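Asks: Quick one: the structure is below, questions incoming.
Where a number appears in this text, it was derived from the coordinates with a stated rule and is not lab data. What you are looking at is a predicted structure, and each value in this text was computed from that prediction instead of being measured. Ideal geometry is used to build each Cβ from the backbone, glycine not excepted, and the neighbour counts take in all protein chains shown.
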Amino acid sequence: MSYLKPLFRHPKLPKNKLGYTQKEYEGSLSTLCAGCGHDSISAAIVQACFEMSVEPHKVAKISGIGCSSKTPTYFLGNSHGFNSVHGRMPSVATGASMANKDMVYFGVSGDGDSASIGMGQFVHVIRRNLNMVYIVMNNGCYGLTKGQDSATADQGSRSKAGSVNPFQAIDLASLAIELGATFVAQSFSGDKQQLVPLIKAAMHHKGFAFLNVISPCVTFNNNPGSTKSYDYVREHIEATSTLDFVPEMPEIKTNYEKGKSTRVAMHDGTLIQLNKLATDWNPEDRVSVANALQHARTKNEILTGLLYVNTEWKDLHGTLSTCSTPLNKLKETDLCPGTEVLKEINAGYR
Amino acid sequence: MKPTNTKDPEYYHKVVDCQYACPAHTPVPEYIRLIAAERFTEAYMVNWESNVFPGVLGRTCDRPCEPACRRVRVEEEPVAICRLKRVAADNKGDVKQHMPQGPFPSNGKRIALIGGGPASLTVARDLAPLGYEIHLFDEQIAGGGMMRSQIPSFRLPEEVLNEEVNFILDLGIHTQFMTYVKSLKEVLEGGYDAVFVGTGAPKGRDLPKLPGRKEGDKNIHIGIEWLAGVAFEHTKSIAQKVIVLGGGNTAMDCCRTSRRLGGKEVKVVVRSPFDEMKASPWEKEDALHEDINIIDNHVPLSFEVKDGKLIGMKFQKVKPVYDENGKRQLLPTEEDDVFIEADEVLIAIGQENSFPWIERNIGLEFDQWGMPVVDEVTFQSTNAKVFFGGDAAFGPKNVITAVAQGHQAAVSIHLFCEGLNVYERPSPYTNLISQKMGIHEWSYDSSVAIDQRYIVPQAKKSQTLKDRKKEVELGFDIATAYKETQRCLNCDVQTVFTEDRCIECDACMDVCPTSCITFTVNAEESELRQNLLVPAENLTQDLLVSKELKTGRVMVKDEDVCLHCGLCAERCPTSAWDMQKFLYSTTKANQMITPLPLIQK
């Protein structure tokens, strides 16, 4: 088995604005099972960061425990990383973001890490609208402990061993919308054409960006009867829209037929170009999104693409009115301005 | 694009760049792996089966394989294929026991081979085990042809040549050395079932019209004749100041031999610019290392003779000018002509064919340039009984080409003698076999070494210049050879794709270090090449295109910079990718058992 990736790359590999090739955004060779959907998501993150010319040292990857939470080793090898406690990734991300608001935060989690042990943290990080990209690599099972059903496994889904899941599934996207997440999207690891622009848009969203990505567990949950297998997902996928992330120039390229098109402006002036495929759905209207998700569920469809975006809500730093300088850059002189200033402040209260 | 037909043996063959570029199609990666395993005897036999003279070629080959090596497309230097071949030859055990063992039951057919060089010897080796009675005629004292007369001993020791020539002669070849064939008609009347002409290109070009040529004749020599004179020890010394005219490998051999026979100031004077000289770069390097002055862009004007004795040569200075098609012209500069002092001059400006001994009325046609009309596939002349090969067939090339042509001529001769159609040639021997040994284990070293090419050590100049027979290159020691073998990318271990198993998880596309694999919508080739992760702009390399997959896309793999690291197959959950070793052996009259049986150490 290979543990190292050969160092040679294609000599004509394209370079981004920083002069880096995709190689600078790669991580170590994956030790996940061959064919794991998570690896495709890692590759999508690499591609998104490369194409956006993100400086690798300005990204932090934070994860909990699980197959999904191992993946930060396999992408962005030149970025910061923190592999934290099971289900506690949001706390660590919150702390990191408080200390340094200038970084891009990737929270990587799985269905177990977010929908079971970390559910409490998950809902509260949404409530606080922390500025981060929160990716759930959702395979509907506990792959690391041999494939037991997880909380996102659909009712009636059959496991590899043949047992049928009797419990209702937690729909993380619906839950996030219900809780007021400001950017919610759903995608599939096998569809990079959709996933890469979603990750780019999520990175540009100022606030909590939630991506629920169905990622088949090729070892334990890719059998007939499973609702998270490659075949099932491909058959039941229904996209809300095709999406192009437009960093600067309003030039639109799409491989699909054009439907009704909407543009959403992000805080930093970038645009999301949406070519709608679903009817009765408006990405800026929570009620229509909740309805679209419910309709899809009744039809056994998996609604993918950008579901909801709200660019008006303040992120956590905005709500707390933190200073513009990241806290970790404040010097002692800034924090302890001296007795004269203290006297003035005290005088203000008299 | 249509799905690639990988059943065509040429598809995978082309992926093995070195083997494909080799005229004899020696399975290079196969023997490099054997060298890595220190199985030198087997490595030698893999070579011998294909190129007949591994020891000779491991020292003197023109190495068409090396510029083709895939490694030059991802880094600078190719694998030192040629010098690894020498390692197999230097360290081999008893190889003779693995060669065909005579005496062979006679098939009642007699063949005459005219000329004892690499082409003829190859024909002899291929046909003798089939029971042919083979008569070999050569004017020299021993077999080997130009390998003996033109390649100096400091590049190719006589023992090495003798050993490999004798492997063939010992198959029961009837040799008639010191016999110059004066008439092909006479040979044909000798009742042979077929005649093979492998007489090479024995005539060195001269400069008969240059002023002073006749007057200075005593000190002016034709390069290949002079080299033969040295090889057969008729010539034992040369004057101190020598000019060698020409820029090919013969010129390099002439100047380096001159240094060993007493030449102190040896100058090579060549018309073309240094970089465009015909000599192999490593030959030029070795010449420079032996203090030889290479003067380029000088066209000879005259031999200067004083008092009946050669005193030097006059040259015109030129500069290369290229037209828009890149065609070169040498135009005189305005500078004065140059006089270069010399006591002796060696003319090494090329060689040509010469067939004064072939009658023109025996049904054997010649073209306007005095070359026999020879079929490019069958090597048969217009006289059905006469076959050509080596330099005699299509003009001067090199040893490995002569061997390759010898194999094909032998196939034709065999078909002809059996009364079969010489154009209905048997297919090459091929074998494709999985290298999987476990879930993620391969039987070959799949890791990719980043080592740079290792340098072959040389003997000290102070020693080699004293003794004409002292070999300059020492060859790799086994430890260095091992490191060099690890640079080989194992291009013969093919990435074989089975559509029915693919679940389109993209794992192979994600992991491929050189971005070779793309899953995309099918299109015409020119468009498809642009739609890949990295556009496939090297048109000499094929695309491997699958049948349509479940989602309507196809898998496209650009063979160009695939490292054959096996990661696509390791990361494939369904074994849709597999690493399979492809062995290809060109059609031969006597196809030896391939792959060779495992020889116990």
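Asks: Can you work out the Karplus-derived ³J(HN,Hα) for every residue in the stretch B:511-527? Use 6.51 cos²θ - 1.76 cosθ + 1.60 with θ = phi - 60°, whole Hz, and x for glycine or proline.
Replies: Residue by residue, the stretch B:511-527 yields 8, 3, x, 10, 6, 7, 9, 9, 9, 8, 6, 5, 7, 5, 4, 4, 6 Hz.
Asks: How far is it, in nm, from the label point at B:Trp282 to the one at B:Glu75 when both lie 7 Å from their Cα along the line to the Cβ?
Replies: Going from the B:Trp282 label point to the B:Glu75 one covers 1.7 nm.
Asks: Taking Cα atoms, how many degrees apart are the long axis of helix B:249-260 and the longest axis of chain B, rounded to 10 and kept between 0 and 90?
Replies: 60 degrees
Asks: How many times 2.2 N^0.38 Å is the alpha carbon radius of gyration of the stretch B:493-585?
Replies: 1.02
Asks: Another question, then. Magnitude of the Cβ-charge dipole of chain A, K/R +1 and D/E -1, about the Cα centre, nearest 20 debye?
Replies: With only Lys, Arg, Asp and Glu charged at Cβ, the dipole is about 540 debye.
Asks: A follow-up question, please. Among B:384-397, B:509-522, A:105-118, how do they line up by average Cβ neighbours within 10 Å per residue, starting with the highest?
Replies: A:105-118, B:384-397, B:509-522
Asks: Between A:Leu18 and A:Thr298, what FRET efficiency comes out of the Förster formula 1/(1 + (r/R0)^6) with R0 = 56 Å and r the beta carbon distance, rounded to 0.05?
Replies: 0.75
Asks: Amide H to amide H, which residues 5 or more places from B:Asp62 or on other chains are under 5 Å from it, using H placed in the peptide plane?
Replies: Counting only residues 5 or more places away or on other chains, the set is B:Val399, B:Ile400.
Asks: Less than 20 Å apart at the alpha-carbon level, and either on another chain or at least 8 residues along: which lysines does that give for B:Lys2?
Replies: B:Lys14, B:Lys547, B:Lys550, B:Lys557
Asks: Which of rounded, prolate or oblate describes the stretch B:204-349 when judged by the alpha-carbon gyration tensor and an a/c cut-off of 1.5?
Replies: Note, shape of the stretch B:204-349 comes out oblate.
Asks: Rank these for me by crowding, A:Trp313, B:Trp369, B:Trp226, going from fewest to most other beta carbons within 10 Å.
Replies: Ascending Cβ contact count within 10 Å gives the list B:Trp369, A:Trp313, B:Trp226.
Asks: Taking the Cα atoms only, what angle lies between the long axis of helix B:81-91 and the longest principal axis of chain B, rounded to 10 degrees?
Replies: 80 degrees
Asks: For the residues A:Cys336, B:Cys505, what sequence is obtained by ranking on other C-beta atoms within 10 Å, fewest first?
Replies: Ranked by crowding around the Cβ, least crowded first: A:Cys336, B:Cys505.
Asks: In addition: Suppose every K and R has +1 on its Cβ and every D and E has -1 on its Cβ; what is the size of the dipole of the protein assembly as shown about the Cα centre, in Debye to the nearest 20?
Replies: Taking the Cα centre of the protein assembly as shown as origin, the dipole is about 1460 debye.
Asks: Mind checking the dipole of the stretch B:443-601: about its Cα centre, +1 per Lys or Arg Cβ, -1 per Asp or Glu Cβ, Debye to the nearest 20?
Replies: The dipole of the stretch B:443-601 has a size of about 1200 debye.
Asks: Quick one: of B:Lys185/B:Lys218; B:Lys185/B:Lys588; B:Lys85/B:Lys581; B:Lys461/B:Lys483; A:Lys23/A:Lys206, which pairs are farther than 30 Å apart, Cα to Cα?
Replies: Exceeds cut-off: B:Lys185/B:Lys218.
Asks: Next question. Computed FRET efficiency, Cβ-Cβ of B:Lys182 and B:Glu158, R0 30 Å: what is it to the nearest 0.05?
Replies: That pair, B:Lys182 with B:Glu158, gives E of 0.55.
Asks: Could you derive backbone 3J(HN,Hα) for the stretch B:478-485 from the dihedral phi with the Karplus parameters 6.51, -1.76 and 1.60 (θ = phi - 60°), listing whole Hz in sequence and x where the residue is Gly or Pro?
Replies: 3J(HN,Hα) across the stretch B:478-485, in whole Hz: 5, 5, 5, 4, 4, 5, 5, 4.
Asks: Okay, helix-only estimate at 222 nm for chain B: each DSSP H run of n ≥ 4 adds -39500 (n - 2.57), divide by all residues, round to 500 deg cm²/dmol; what do you get?
Replies: -7500 deg cm²/dmol
Asks: Relative contact order of chain B: what whole-number percent is it, with Cα pairs under 8 angstrom and at least 6 residues apart?
Replies: Reported relative contact order: 18 percent.
Asks: So, one more: Taking every residue in A:7-19, how many Cβ atoms of other protein chains lie within 10 Å of its Cβ, on average?
Replies: Mean partner-chain Cβ count within 10 Å for A:7-19: 5.
Asks: Same structure, new question: Local charge sum around B:Val554 (other residues, Cβ-Cβ under 14 Å, Lys/Arg +1, Asp/Glu -1)?
Replies: -3
Asks: Right, here's the next one. Other chains' Cβ within 10 Å of B:562-571 residues: what's the mean?
Replies: Average per residue, whole number: 3.
Asks: Below 8 Å, C-alpha to C-alpha, sequence gap of six or more: please give me the relative contact order for the stretch A:22-321 in percent.
Replies: About 17 percent, as a whole number.
Asks: Per residue of B:534-546, count partner chain C-beta atoms within 10 Å of its C-beta, then hand back the mean as an integer.
Replies: 1
Asks: Follow-up. If a/c stays under 1.5 just call it rounded; otherwise compare a/b with b/c (prolate if a/b is bigger, oblate if not). Do that for the stretch A:22-321, with a ≥ b ≥ c from the square roots of the Cα gyration tensor eigenvalues.
Replies: rounded
Asks: Among B:447-454, A:340-347, how do they line up by average Cβ neighbours within 10 Å per residue, starting with the highest?
Replies: Order by mean packing, descending: B:447-454, A:340-347.
Asks: Can I ask one more? Return B:Cys61, B:Cys254 ranked ascending by Cβ neighbour count within 10 Å, so the fewest neighbours appear first.
Replies: B:Cys61, B:Cys254
Asks: Ok, one more. Please tell me the relative contact order of the stretch B:204-349 in percent, rounded to the nearest whole number, where contacts are Cα pairs under 8 Å and at least six residues apart.
Replies: 31 percent
Asks: Return one number: the angle in degrees, 0 to 90 and rounded to the nearest 10, between the long axis of the Cα atoms of helix B:40-51 and the longest principal axis of the Cα atoms of chain B.
Replies: It is inclined by approximately 70 degrees.
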